[in-house]
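Enquirer: The structure follows.
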């Protein structure tokens, strides 16, 4: 039996899944690690935490099913996008990684826009300068930590640091590289113009490949640390969103997915690059060779629910531990006790600023409309709905670009919640589908590894074999009307509060 390994280096933890060549999950392991927030709006992680989690989870899935390591024919890597990993000349990590949701780089975004030009930046990178992207993080270190910048010899993304640890190779691929804001999106290669204007040496960057290309093989040191066979091929893989797109079969126009993890994403396949001139959604290279994708990003999606859990659901966490179930199961049951519209409470999910449709790192989370008659159940449902209103904003922008969804696939941790899927169906006024496999990004990069290893002829064949619609949820007309009314209020609240966000500098 041939197996494929999908490794997803996420924000809350790393998930490693072993698949057979039919795309069935054989074994899975997850290892969590901390998020460091030394100041409000800052977010960092230790790359060595990712590596230790990768080693531990690989060992677990191999030994859980007593798999012979030589039967693993390929490895695919997925990971949180935009994170900055800086290595010195010996290949050691210089500082903690500044990750995707960090909002400290507003001044550097202005600097990038001035150096490159707003219109030219959009033409090359397909996006305005954003605090979440890697380029602004590089400039922040250069401007604020010159000693660390002076030590730097290589700049990697999170999953590509894991590739380096597995293979010793410095490589990346087009989908993840798109989020650095240093790639020419149309040409699918580093932009010499942007690098020159930002004074970032090309040699600091890894070589860039298509996602199905074998970029290295497991070396002796990594084999000893993980239990893998020496020379197991590692393909380019994909950034988490493109990986999830592959894992949901979003490989042709008309197919759209929604993903609710730490962040939330509406993702659509493109046969050619299309750019939202206002920069409200992002256009990147897809993991499908010769294809692109557009996505809208809600910064604080699953993060909002986790924040609520950690601060207001201590009792539910204790009961869940006693019952040996996920506390989100109990929280969802509580949210189900509140009707559509949360009895008038509106939640703005801007705990880490926002990207789509509002490019505003200063935006803040808000509960609006609370009265003495409201309960925690209403607030819980309002969190689910607030995230979904933001995703509905993204969906509206994508539709406005002329992209008509024929099918919407739900995935991520939020996609496992029947209630959250129903809320999306009602807000989008569209049928929501789920894939038989819930492994998303890990499945996506495992399929890419299968193509690179020659198990599948191409991505189309891989998805035909592995992707199967399991369930559908249709909109409820009464809820559609309720959410249509409250969505207008949700949108108005941001406009009304925008100036107040600007005054809040903590």
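Enquirer: Computed on alpha carbon atoms, what radius of gyration and Dmax characterise the stretch 223-328, expressed in Å?
Expert: In order Rg, Dmax, the Cα atoms of the stretch 223-328 give 18.8, 52 Å.
Enquirer: Two decimals is fine: what is log10 I(q)/I(0) at q = 0.07, 0.10, 0.13 Å⁻¹ for the chain, from a Debye sum with one equal scatterer on every Cα and no solvent?
Expert: Once normalised to I(0) and log-transformed, intensities are -0.34, -0.73, -1.28.
Enquirer: If we count other beta carbons within 10 Å of each Cβ, what is the order of 234, 194, fewest first? Spell out each step's value before the answer.
Expert: Details: 234 26, 194 22.
In increasing order of surrounding Cβ atoms, one gets 194, 234.
Enquirer: Rg and Dmax of the stretch 347-506, using alpha carbons, in Å: what are they?
Expert: Radius of gyration, then largest Cα-Cα span, for the stretch 347-506: 18.8, 62 Å.
Enquirer: A further question on this structure: Out of all Cα-Cα pairs in the stretch 390-473, roughly what percent, to the nearest whole number, are more than 22 Å apart?
Expert: Across the stretch 390-473, Cα pairs with separations above 22 Å total 37 percent.
Enquirer: Moving on. Taking the Cα centroid of the stretch 400-462 and of the stretch 291-363, what is the distance between the two, rounded to the nearest whole Å?
Expert: Their Cα centres are 20 Å away from one another.
Enquirer: Hey, another quick one. Under the Kirkwood approximation for Rh and a Cα-based Rg, what ratio Rg/Rh is obtained for the stretch 315-378? Mind dumping the intermediate values first?
Expert: On the way: Rg = 15.1 Å, Rh = 13.9 Å.
Radius of gyration relative to Kirkwood radius: 1.09.
Enquirer: Averaging the inverse of every distinct alpha carbon separation and then flipping it gives the Kirkwood radius. What is it for the stretch 263-380, in angstrom units?
Expert: Numbers: mean 1/r = 0.0601 Å⁻¹.
Evaluated on the stretch 263-380, it is 16.6 Å.
Enquirer: Still on this structure, I have one more. Find the relative contact order for the stretch 410-449 and round it to a whole percent, using C-alpha pairs within less than 8 Å whose residues are 6+ positions apart. Intermediate results must be reported in sequence, preceding the final value.
Expert: Details: 23 pairs, mean separation 17.3, N = 40.
Normalised by residue count, the contact order of the stretch 410-449 is 43 percent.
Enquirer: Going by how many other beta carbons lie within 10 Å of each one, how would you line up 134, 332, 371, fewest first?
Expert: Working: 134 25, 332 19, 371 9.
Fewest to most other Cβ atoms nearby, the residues stand as 371, 332, 134.
Enquirer: Give the Rg (one decimal place) followed by the Dmax (whole number) of the stretch 109-234, computed from C-alpha coordinates and expressed in Å.
Expert: 16.0, 49
Enquirer: Another question about this same structure. If I stretch the segment between residue 373 and residue 35 completely, what's the gain in nm (0.36 nm per residue apart, minus their alpha carbon distance), one decimal?
Expert: 118.1 nm
Enquirer: I'd like the antiparallel share, as a percent to the nearest 5, of DSSP beta bridges with both residues in the chain.
Expert: Numbers: 51 of 73 bridges.
In the chain, approximately 70 percent of DSSP beta bridges are antiparallel ones.
Enquirer: If we sort 240-250, 266-276 on the protection proxy, mean other Cβ atoms within 10 Å, highest first, what's the order?
Expert: Details: 240-250: 31.8, 266-276: 20.0.
Answer by packing, highest mean first, reads 240-250, 266-276.
Enquirer: Take the alpha-carbon centre of the stretch 152-171, take the same for the stretch 79-151, and report the distance between them in whole Å.
Expert: 17
Enquirer: Stretch residue 319-residue 65 to full length: gain in nm at 0.36 nm per residue minus the Cα-Cα span? Provide the component values of the computation, followed by the final result.
Expert: Numbers: separation 254, 0.36 × 254 = 91.44 nm, distance 3.10 nm.
Between residue 319 and residue 65, full extension yields an extra 88.3 nm.
Enquirer: Counting pairs of alpha carbon atoms under 8 Å apart in space and at least six apart in sequence, what relative contact order in percent does the chain give?
Expert: Computed over the chain, the figure is 16 percent.
Enquirer: Can you give the Kirkwood hydrodynamic radius for the stretch 196-258, in Å, rounded to one decimal and based on Cα pairs? If you can, show how the numbers build up before the last one.
Expert: Details: mean 1/r = 0.0678 Å⁻¹.
Result for the stretch 196-258 stands at 14.8 Å.
Enquirer: What FRET efficiency would be calculated for the residue pair residue 503, residue 195, taking the C-beta separation as r and a Förster radius of 25 Å, to the nearest 0.05? Don't jump to the answer; show the numbers that get you there.
Expert: Working: r = 37 Å, r/R0 = 1.48.
So, using R0 = 25 Å, E works out to roughly 0.10.
Enquirer: Also, quick follow-up: Can you give the percent of C-alpha pairs in the stretch 12-105 whose distance is more than 16 Å?
Expert: Working: 2723 of 4371 pairs.
Tail of the P(r) past 16 Å holds 62 percent of the pairs.
Enquirer: Sort 404, 283 by Cβ crowding within 10 Å, fewest neighbours at the top.
Expert: Details: 404 10, 283 22.
Lowest count first: 404, 283.
Enquirer: Expressed in nm to one decimal, what extension gain is obtained for the pair residue 89 and residue 401 from 0.36 nm per residue of sequence separation less their Cα-Cα distance?
Expert: Working: separation 312, 0.36 × 312 = 112.32 nm, distance 4.49 nm.
So the chain would gain 107.8 nm between residue 89 and residue 401.
Enquirer: Would you compute the Debye intensity of the stretch 77-161 from its alpha-carbon atoms alone, equal scatterers and no solvent, and pass along log10 I(q)/I(0) at q = 0.15, 0.18 Å⁻¹ to two decimals?
Expert: Treating every Cα as an identical point scatterer, log10 I(q)/I(0) equals -0.55, -0.78.
Enquirer: What are the extents of the Cα atoms of the stretch 1-160 along their three principal axes, in Å, largest first?
Expert: 55, 33, 31
No lab work stands behind these numbers, since they all come straight from the coordinates. What you see is a predicted model, and the numbers here were worked out from it, not measured in a lab. Positions of Cβ are backbone-derived with ideal geometry, glycine not excepted, and every protein chain shown enters the neighbour counts.
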